[in-house]
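Since the structure comes first, as structure tokens, the remarks are kept for the end.
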Amino acid sequence: MSAPSPVFTAALDGGRLCLGGRLERATARALSHALERHAPSPGGALIVDLKGVDYMDSAAIGALLDAQRRAAARGSVWRVEGVSDTARRALSLFRLGPEQAAPPPPTPLMEAVGEGAYAARTALGDFLQLAADTTFALADPRKLRLGAFIEQCVYMGSQALPIVGLIAALLGLTLAFQSAYQLRQFGADIYVANLTGIAMVREMGPLMTAILVAGRSGSSIAAEIATMQVSEEIDALKVMGLDPIQFLALPRLAAIILVVPLLTLMADLLGVFGGYLVGVLYLDLTSGVYISKTIEALAPGDLLSSMFKSLIFGWGIGLIGLHFGFQARGGAGEVGRTTTASVVASIFYLVIAGCFFSVLFYVVL
Amino acid sequence: MVHDLVARYGARTILNGVNLRVEPGEIRVILGGSGCGKSTLLKHCIGLIPPAEGRVELLGQPLHALEGAARTALLTRIGMLFQNGALLGSLTIGENVALPLEAHTDLSPAVILEIVRLKLAMVEMSHAEHLLPSEISGGMRKRAALARAMALDPDLLFCDEPSAGLDPLTSRELDETLLRLRDRFGMAVVVVTHELASIETIADRVIFLSAGRPLADDTYQRVRQHDHPEISSFFARVAAGEMRGGPSALEVLTKGGH
Ligand SMILES: Nc1ncnc2c1ncn2[C@@H]1O[C@H](COP(=O)(O)OP(=O)(O)OP(=O)(O)O)[C@@H](O)[C@H]1O
Ligand SMILES: [Mg+2]
């Protein structure tokens, strides 16, 4: 059978605490308790005897140093006398580092608010700078790297087609069903076409596409750029005399601006198609009636404004992803945080921008 | 080249009055303990961080004051090997090396390919032309990054710990590559390194940094003989822990207090 579990002994003999046995990680907690129990009263003294120690590791040394520090704080004497050979070897192996100043206390609230505001202003300044730089550069299409642009279009656009299409169709389907329940009570089934068409094209199509793009492409822009930032790849580009804005930001931004309106157009059409399925298969409308009702409901301007809106959405998502990516500092953990933060910021932006457009269209149209 | 440079991160001063002159055709080694600011010094030299005070002049031109085309033109005359290589992860090794050539020359793709192969052969990385940086080892990445830094045949090359992470043989070959470049092209090289063997082989002149200031700045032979304890212990490889550590736990516990 194995030896009995490691033990240590502590016996108080006058003002002398005799420790023996194995002082190690497994017994360090018990050791701390024993030392605390026998701690000298303020102004008193305790001599610790280590002659009986068979084994000692750094955990036990930590416990001893801690007990000594506490005793010193209470103004009592606490000292080791008599050390076995094993204990001596362990104790002389470890050296104490110089005393370090305590880390600065947390910033007081008001100062923290001030610092936060200052940081936000700097970040906003950087963001506007980025927006200006990219817009300026986009105005000169010769600066665009065609290969990278196409690559980004394929990733952000073609590869997003199935998921955007599927969700749009299902959304159209759901909208149609929901409105059908209500409209049926008035015998106004036929207006399902109008409702679904308007809701999809004016609101749901652009917003849903943009949210998917924010989660898919906005996040990957932020992650890619942040990774390049922390691995010094962006520094390397700068030293090679390549402008990171032109080299990295432009292809991505141009791609997202082109791709989001196109995806939105497809989402609009498939959303209407979802409604059409409900109308024809479930409400027994004829296909011709449904289509003509939809066309009647939608002004040509609706489709255009849907695409314009999504262009602004895409532009914002791209800029936000780039901004967060370029701001990343530090290690690999920063990449994850940056990515999440950029998605949250993008969605926040989409809601605000969506609100703004609703008010604008309401006032203008 | 570097005059009275002061470098700060926030409120922390890292470099405090560093002067560094590099002559054409010499290999200049920057020494100093870990975290003393060697990489920081290089980042100032290549224009990534503007100096808090002082100025940096490369090949006779004030890098930090230049903008636009003039700055780019100057940057094409220098090369930098980053501590971790910093190859672009989305491009193959060959494309990485081709990048500066595509951006700054009007050579045809076929000619660029030939040049890329020459540079890769120089660092014995020909076999990795079509691999991605994530598919090769750390030491190979470093060699590939050297090939990229050399793509435009710079007049001035900066290397941050080129031989760290390389086996002794490869490290030796890299040293010889640097020496060849110096001798054949009169290229000036600034190298940060800890490898004593490597310093011995390549260093013409050495600057030793400590606590933000140069402790010594002289030929390798003379710095080697320098009697400052920090420098002599560096060359004698005395473990820093033995020298600097505080009292042992035994002393503290038996003396009855910290
Ligand atoms: N981005 C940064 N922000 C704040 N402090 C930094 C930053 N980069 C480096 N430092 C600090 O500056 C000091 C010098 O760092 P640097 O990387 O230049 O050291 P080094 O001499 O290259 O070290 P090593 O030999 O380990 O590469 C370190 O103490 C480090 O903590
Ligand atoms: Mg370094």
Can you list the residues, at least 5 places off or on another chain, whose amide H is less than 5 Å from the amide H of residue B:53, using H built in the peptide plane?
B:6
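Can you give the Kirkwood hydrodynamic radius for the range A:186-233, in Å, rounded to one decimal and based on Cα pairs?
Working: mean 1/r = 0.0738 Å⁻¹.
After inverting the pairwise mean of 1/r, the radius is 13.6 Å.
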Given H placed on each backbone N at 1.01 Å, which residues far from residue A:48 in sequence or on other chains put an amide H within less than 5 Å of it?
A:17, A:79, A:80, A:81
Once you list every other residue whose beta carbon is under 12 Å from the beta carbon of residue A:322, what net charge do they have if Lys and Arg are +1 and Asp and Glu are -1?
-2
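Report for the protein assembly as shown the percent antiparallel among DSSP-assigned beta bridges with both residues inside it, nearest 5. Before the final figure, lay out the partial values.
Working: 24 of 54 bridges.
Rounded to the nearest five, the antiparallel share is 45 percent.
Kindly provide the chymotrypsin sites (Phe, Trp or Tyr not before Pro) of the range A:99-191 that DSSP labels as loop, not H, G, I, E or B, and whose Cβ sees at most 16 other Cβ atoms within 10 Å.
Working: sites: A:118, A:127, A:136, A:149, A:155, A:177, A:181, A:186, A:191; in loops: A:186.
Those that pass, being in a loop and sparsely packed, are A:186.
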Please turn the phi angles of the range A:199-215 into ³J(HN,Hα) values with the Karplus equation 6.51 cos²θ - 1.76 cosθ + 1.60 (θ = phi - 60°), one per residue in order, whole Hz, x for glycine and proline.
4, 5, 6, 7, 10, 5, x, x, 5, 5, 4, 5, 5, 5, 5, 4, x
Normalise the Cα radius of gyration of the range A:123-364 by 2.2 N^0.38 Å (N = residues in it) and let me know the number.
1.15
Between the range B:101-130 and the range A:269-342, what is the C-alpha centre distance in whole Å?
44
Hits among lysines - C-alpha to C-alpha of residue B:43 under 28 Å, sequence gap 8 or more where chains match
A:143, A:238, B:119, B:142
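Based on the alpha-carbon gyration tensor of the range A:146-237, what equivalent-ellipsoid semi-axes (square roots of 5 times the eigenvalues) come out, in whole Å, largest first? Walk me through the intermediate numbers first.
Working: eigenvalues 347, 29, 15 Å².
Equivalent ellipsoid semi-axes, largest first: 42, 12, 9 Å.
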Which whole-Hz couplings ³J(HN,Hα) result when phi for each residue of the range A:119-133 is put into the Karplus expression 6.51 cos²θ - 1.76 cosθ + 1.60, θ = phi - 60°, listed in order with x for Gly and Pro?
4, 5, 5, 4, 4, 5, x, 4, 5, 5, 4, 4, 4, 5, 4
Length gained, residue A:299-residue A:181, 0.36 nm per residue minus C-alpha separation, equals 39.9 nm
Computed over all unlike Cα pairs, the Kirkwood hydrodynamic radius of the range B:86-153 in Å stands at 11.5
As a check on your grasp of the helix formula, calculate [θ] at 222 nm for chain A: sum -39500 (n - 2.57) over DSSP H runs of n ≥ 4, divide by the residue count, round to the nearest 500.
-22000 deg cm²/dmol
Longest principal axis of chain A (C-alpha) makes with the long axis of helix A:28-37 (C-alpha) an angle, in degrees to the nearest 10, of 60
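How much length is gained if the chain between residue A:126 and residue A:36 is pulled fully straight, taking 0.36 nm per residue apart and subtracting their Cα-Cα distance, in nm to one decimal?
On the way: separation 90, 0.36 × 90 = 32.40 nm, distance 5.58 nm.
Stretched out fully, the residue A:126 to residue A:36 stretch lengthens by 26.8 nm.
Full-extension gain between residue B:232 and residue B:6, please, as 0.36 nm times their residue separation minus the C-alpha to C-alpha distance. Walk me through the numbers before you get to the answer.
Working: separation 226, 0.36 × 226 = 81.36 nm, distance 2.61 nm.
Separation in residues times 0.36 nm, less the Cα-Cα distance, equals 78.7 nm.
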With the charge dipole of the range A:123-269 built from beta-carbon charges (+1 for Lys and Arg, -1 for Asp and Glu) about the Cα centre, the Cα from A:134, A:225, A:213 projecting farthest to the positive end belongs to A:213
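Name the trypsin sites (Lys or Arg not before Pro) in the range A:229-333 that are in a loop by DSSP and that have at most 11 other C-beta atoms within 10 Å, would you? Kindly include the intermediate steps, with their values, before the conclusion.
Details: sites: A:238, A:252, A:293, A:309, A:329; in loops: A:329.
Taking the range A:229-333 and a limit of 11 other Cβ atoms within 10 Å, the loop trypsin sites (Lys or Arg not before Pro) found are A:329.
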Overall dimensions of chain B as given by Cα atoms, namely Rg and Dmax in Å:
20.2, 78
Taking the Cα atoms only, what angle lies between the long axis of helix A:332-364 and the longest principal axis of chain A, rounded to 10 degrees?
30
Per residue and in cubic angstrom, what volume does the convex hull of the Cα atoms of the protein assembly as shown have?
289
Per residue of the range A:301-315, what does 6.51 cos²θ - 1.76 cosθ + 1.60 with θ = phi - 60° give for ³J(HN,Hα)? Whole Hz please, x for Gly and Pro, Karplus curve as stated.
x, 4, 5, 5, 5, 4, 6, 5, 4, 5, 5, 5, 4, x, 4
What angle do you read, to the nearest 10 degrees and between 0 and 90, between the alpha-carbon axis of helix A:58-73 and the longest principal axis of chain A?
80
Around residue B:16, which amide H atoms from residues at least 5 apart in sequence, or from another chain, sit under 5 Å from its own amide H, with H modelled in the peptide plane?
B:7, B:213
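Quick note: the coordinates plus some simple rules give every number you see, no bench work behind them. No experiment lies behind these values; they were computed from the predicted model shown. Don't worry about glycine lacking a Cβ; one is built from the backbone with ideal geometry, like all the others, and counts go over all protein chains shown.
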